[in-house]
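The values are calculated or read from the model by the stated rules, or taken from the named source; none is laboratory data. These numbers come from a predicted model, not from an experiment. Heads up, the Cβs are rebuilt from the backbone with ideal geometry, glycines too, and the neighbour counts pull from every protein chain shown. Ligands, DNA and RNA are stripped out before the accessible areas are found, and what is left, the full protein with its side chains, is counted by its heavy atoms. Shrake-Rupley method; radii C 1.70, N 1.55, O 1.52, S 1.80 Å.
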Amino acid sequence: MKELEYDAVVIGTGFGGLGAALTLAEAGLRVGVLEAVNYPGGCASTFRRRDYRFESGATLFSGFSEGMYFDQLIKRYNMPVEIDWIDPLVEVRSETWNLKVSRSRDKLHEDLVALGVPDKNLRAFFDEQRRIADVLWQLFDTPDLLPPWNLRSLAVHATRLPRYAKLLKVVGRSLFDVLKRHGLDKSEPLVTFLNALCQITIQTSVREAEAPFAMATMDYYFRGTAHVRDGIGSLANSMVKAIETSGGDVHFTTRVKSAQREANMWHLHTNKYLVRSKYVFGNLLPHAAEALIHGSTVSDLSATKRDLDDGWGAAMLYLAVEHHQELPEKALHIEAIGDPGQPLIEGNHIFASLSGLADRNRAPAGQRTLTVSTHVPMSKFLTLDPSEQGAYIARIQDAMFETLNTRAPEMTRSIVMKMTASPRTFERFTKRPLGRVGGIPRKVGLHHYLRMMPLEVAPGFTLVGDSAFPGQSTLACAIGGQRAATKLLRTLKLRALGTNSPPELTPHSSAPQHSP
């Protein structure tokens, strides 16, 4: 078996892994990336079936505004990634009302008032929400301010202490508590809209959502969120090329079967190579990391695994439709709700994303691709026998189609191809155990703030992705990967300075110099 050796190895090309690998390669380290399937992106990927290219899961993405993370990468590497700044971004359709979510805060406020939400109360709530969001989103814009901190970041935080004090009023409280304080807990359109938003972002309901996380995610639509023309795979593939341009190696269809640590080196046994490295970054769920690592003590991951098992899988519909005059030419994203009084899961709440006519190579001429998803509670799915799981998912998919047909009939009028997917199918697409998606639900509790450090599960083996802070969105995963890689680079630099010796790892002389 061929043997390879790197300074650092990244397992998985989800955006957490891509962010880590690119940061390390840009710094000049010899980086190897191992991906089990033949395309990058993980849960945020674009896959091909026959003449169609579908988004695997996530379909709207933030971080593209001027100066934000993905915008910087696109410009730095001249990536062929095209963005559509559609407006409205999403249409939320319920039984008795529709809400078009505009890029304009003022327009969203105006439209909610038109649905009967009290103007004065809503204005006070949005004012508080924006102050909280501004504090937290600044950390995304400057990932060095996330832990672990250095002296410079601590000095910056010291100047911001008055702003952080605003968080104390909402820490440990649910978003519903905040709505109630503003007299908005009975405003059904607002509560339902926020329920739907929380479900797709922080993976829980308004009544259970930890308020600071929920109030930050309410800004999702105003923070560089856009439709990526031709699918998010165009960005993932461009990041792979950037890693290679920076001197890294990316190995597709290379599945890691086990990882053993010997003499301060990780030995990764794959289906193709034996790969050695001092440092490993796993874009993996804790369940998968535990199953890989042999012969080393693994950190106690039981709490994280319990949180994930209390989270979600996905049931999917992948459809192709003929374009017709009732469909807009631009991409269309619809959140459809069957019964707002019931939990927004199991087909009662769906997110449907239709490609734009300008999206190239997504479908034969005159056709569009449509990805539809809903949440499947893993706590319920895991209690069923395998023979029962299939029937359960089939019922959910029937409910998904019913909700789509009822709330967005224009999308079901001219279907020419249909595929379905269960959590088990999603596992085959993404290699995530049981197809778990979305990361850890950010339910009320102080424990979230205790898990902000990069998650090192064994010496030199760090997890990135949606189960590691900040996780969840594609942008958050990429920034989390960058942050974990930066921690290693900082450690190596400090180690070299502390011993008056050269850095432990020797950069490629051919690696282009970029600002991390």
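Which of rounded, prolate, oblate describes the range 1-127, given a ≥ b ≥ c as roots of the alpha-carbon gyration tensor eigenvalues and a/c under 1.5 marking rounded, otherwise prolate only if a/b is larger than b/c?
The shape class here is prolate.
Using a 1.4 Å probe, how large is the accessible area of Leu370, given in Å² and rounded to the nearest 10?
Using a 1.4 Å probe on the heavy atoms, I get roughly 0 Å².
Relative contact order of the range 51-111, please, whole-number percent, based on alpha carbon pairs below 8 angstrom and at least 6 residues apart.
Numbers: 38 pairs, mean separation 9.5, N = 61.
Once divided by the residue count of the range 51-111, the mean separation gives 16 percent.
Remind me, relative contact order of the range 106-197 in percent, using alpha carbon pairs under 8 angstrom and six or more residues apart?
Details: 40 pairs, mean separation 37.6, N = 92.
It rounds to 41 percent for the range 106-197.
Which order do Met1, Met453 take by accessible area at a 1.4 Å probe, largest first?
The ordering from most to least exposed comes out as Met1, Met453.
Roughly speaking, what is the stretch gain from Asp300 to Thr253, that is 0.36 nm per residue apart minus the C-alpha to C-alpha distance, in nm to one decimal? Don't skip to the answer; put the middle values down first.
Details: separation 47, 0.36 × 47 = 16.92 nm, distance 3.01 nm.
Full-extension gain reported as 13.9 nm.
Identify, among Met1, Gly14, Gly338, the residue whose Cα sits farthest towards the positive end of the charge dipole of the chain, taking +1 on the Cβ of Lys and Arg and -1 on the Cβ of Asp and Glu, with the dipole about the Cα centre.
Of the candidates, Met1 comes out farthest on the positive side.
Any idea what % of Cα-Cα pairs in the range 154-243 are farther than 22 Å? Before the final figure, lay out each step's value.
Details: 1892 of 4005 pairs.
Across the range 154-243, Cα pairs with separations above 22 Å total 47 percent.
List the aspartates and glutamates whose alpha-carbon lies under 18 Å from that of Lys2, not counting same-chain residues fewer than 8 positions away?
Partners within reach: Glu35, Asp249.
Given the C-alpha centroids of the range 373-408 and the range 206-268, what is the distance between them in whole angstrom?
Between the Cα centre of the range 373-408 and that of the range 206-268, the gap is 27 Å.
Just how large is the dipole of the chain about the Cα centre, in debye to the nearest 20, putting +1 at every Lys and Arg Cβ and -1 at every Asp and Glu Cβ? All intermediate terms of the calculation are to be shown ahead of the outcome.
On the way: 60 positive and 54 negative charges, 196 e Å.
I would put it at about 940 debye.
Show Ser65, Ser174 ordered by accessible area, largest first, where the area counts protein heavy atoms only and the probe is 1.4 Å. Don't jump to the answer; show the numbers that get you there.
Numbers: Ser65 40, Ser174 5 Å².
Of Ser65, Ser174, the descending order of accessible area is Ser65, Ser174.
Give me the distance in nm between label points sitting 7 Å out from Cα along the Cα-to-Cβ direction at Arg276 and Asp106, one decimal.
Spacing of the two 7 Å Cα→Cβ label points: 6.4 nm.
Relative to the first principal axis of the alpha-carbon coordinates of the chain, what is the inclination of helix 188-201, with its axis defined by its Cα atoms, in degrees from 0 to 90 and to the nearest 10?
20 degrees
As a test of reading the structure, rank Glu91, Glu326 by solvent-accessible area (1.4 Å probe, protein chains only), most first. Working shown, then result.
Working: Glu91 30, Glu326 105 Å².
If we order Glu91, Glu326 from most to least accessible, we get Glu326, Glu91.
For a quick check of understanding: with a 1.4 angstrom probe and all protein chains in place, what accessible area in square angstrom does Asp307 have, to the nearest ten?
Surface accessible to solvent at Asp307 totals approximately 40 Å².
Carbon and sulfur: what percent of the range 356-431's accessible surface (1.4 Å probe)? Let's see the in-between values first.
Numbers: 1680 of 3450 Å².
The nonpolar share, carbon plus sulfur, comes to 49 percent.
Tell me the carbon and sulfur percent of the accessible area for the range 175-223, rounded to whole percent, probe radius 1.4 Å. Write out the running numbers ahead of the final one.
Numbers: 700 of 1400 Å².
Ligands and nucleic acids excluded, carbon and sulfur reach 50 percent.
Can you give the extra length, in nm with one decimal, that the chain gains between Asn78 and Lys180 once fully stretched, where that is 0.36 nm per residue apart less the Cα-Cα distance? Intermediate values should be presented prior to the final figure.
Numbers: separation 102, 0.36 × 102 = 36.72 nm, distance 4.75 nm.
Stretched out fully, the Asn78 to Lys180 stretch lengthens by 32.0 nm.
For the chain, what does the relative contact order come out to in percent, with C-alpha contacts under 8 Å and a separation of six or more?
Values: 1085 pairs, mean separation 134.5, N = 516.
Over the chain, the number comes to 26 percent.
Where both residues lie in the chain, what percent of DSSP beta bridges are antiparallel, nearest 5?
Working: 54 of 79 bridges.
If we restrict to bridges inside the chain, about 70 percent are antiparallel.
Take the Cα of Lys120, step 7 Å along the line toward its Cβ, and report every residue of the range 173-188 whose backbone nitrogen sits under 19 Å from that point.
179-187
Which value, in debye to the nearest 20, describes the size of the charge dipole of the range 409-484 about its Cα centre when Lys and Arg Cβ atoms bear +1, Asp and Glu Cβ atoms bear -1, and nothing else is charged?
On the way: 11 positive and 4 negative charges, 45 e Å.
I would put it at about 220 debye.
Which ³J(HN,Hα) values in Hz, rounded to whole numbers, follow from the phi angles of the range 167-184 under the Karplus curve 6.51 cos²θ - 1.76 cosθ + 1.60, where θ = phi - 60° and Gly and Pro get x?
Karplus values, whole Hz, x for Gly and Pro: 6, 4, 5, 10, 4, x, 10, 7, 4, 4, 4, 5, 4, 5, 4, 8, x, 10.
What residues have an amide H closer than 5 Å to that of Ile83, excluding those fewer than 5 places away on the same chain, when H is modeled at 1.01 Å from N in the peptide plane?
Those lying under 5 Å, H to H, from Ile83 are Arg229.
Lys and Arg at +1, Asp and Glu at -1: add these up for the other residues within a Cβ distance under 14 Å of Asp309 and post the number. Don't skip to the end; give the middle numbers.
Details: positive: Lys305, Arg306, Lys380, Arg432, Arg436, Lys443; negative: Glu290, Asp307, Asp310.
Here the count lands on +3.
What FRET efficiency do you get for Met452 and His324 if R0 is 60 Å and r is their Cβ-Cβ distance, rounded to the nearest 0.05? Kindly include the intermediate steps, with their values, before the conclusion.
Values: r = 49 Å, r/R0 = 0.81.
After rounding, the FRET efficiency stands at 0.80.
Would you please state which residues of the range 311-348 a label at Thr406 would reach in this model, taking the label point 7 Å out along Cα→Cβ and a backbone N cut-off of under 14 Å?
From the range 311-348, the list is 336-348.
Would you mind checking which residues have amide H under 5 Å from Val10's amide H? H placed 1.01 Å from N; only 5 or more apart, or other chain.
Residues meeting the amide H criterion: Gly32, Val33, Leu34, Phe281.
Through the Karplus equation 6.51 cos²θ - 1.76 cosθ + 1.60, θ set to phi - 60°, convert the phi angles of the range 126-132 into ³J(HN,Hα) values in whole Hz; use x for Gly and Pro.
With the stated coefficients, the range 126-132 comes to 5, 4, 5, 4, 5, 4, 5 Hz.
Kindly write out, for the range 11-21 in residue order, the coupling ³J(HN,Hα) from the Karplus curve 6.51 cos²θ - 1.76 cosθ + 1.60 (θ = phi - 60°), rounded to whole Hz, with x marking Gly and Pro.
9, x, 10, x, 5, x, x, 5, x, 5, 4
To the nearest 10 Å², what's Arg395's accessible area with a 1.4 Å probe?
Spelled out: Arg395, probe radius 1.4 Å, area about 150 Å².
Provide the net charge surrounding Phe381, with neighbours chosen by a C-beta distance below 13 Å and charges set as Lys +1, Arg +1, Asp -1, Glu -1. Before the final figure, lay out the partial values.
Values: positive: Lys380, Arg395, Arg424, Arg436; negative: Asp309, Asp310, Glu346, Asp385, Glu388, Glu427.
Residues near Phe381 contribute -2 overall.
Which value, in debye to the nearest 20, gives the size of the charge dipole of the range 325-481 about its Cα centre, when Lys and Arg are +1 and Asp and Glu are -1 at the Cβ? Walk me through the intermediate numbers first.
Values: 17 positive and 14 negative charges, 72 e Å.
With Lys and Arg at +1 and Asp and Glu at -1, about 340 debye.
In Å², and per residue, what accessible area does the chain have when probed at 1.4 Å with the other protein chains present?
Values: 20770 Å² over 516 residues.
Roughly 40 Å² per residue, with all protein chains present.
Want the number for Ser387 to Ile415: 0.36 nm per residue separation, take away the alpha-carbon distance, what's left? Mind showing how you got there, number by number?
Details: separation 28, 0.36 × 28 = 10.08 nm, distance 2.95 nm.
Length gained, Ser387 through Ile415: 7.1 nm.
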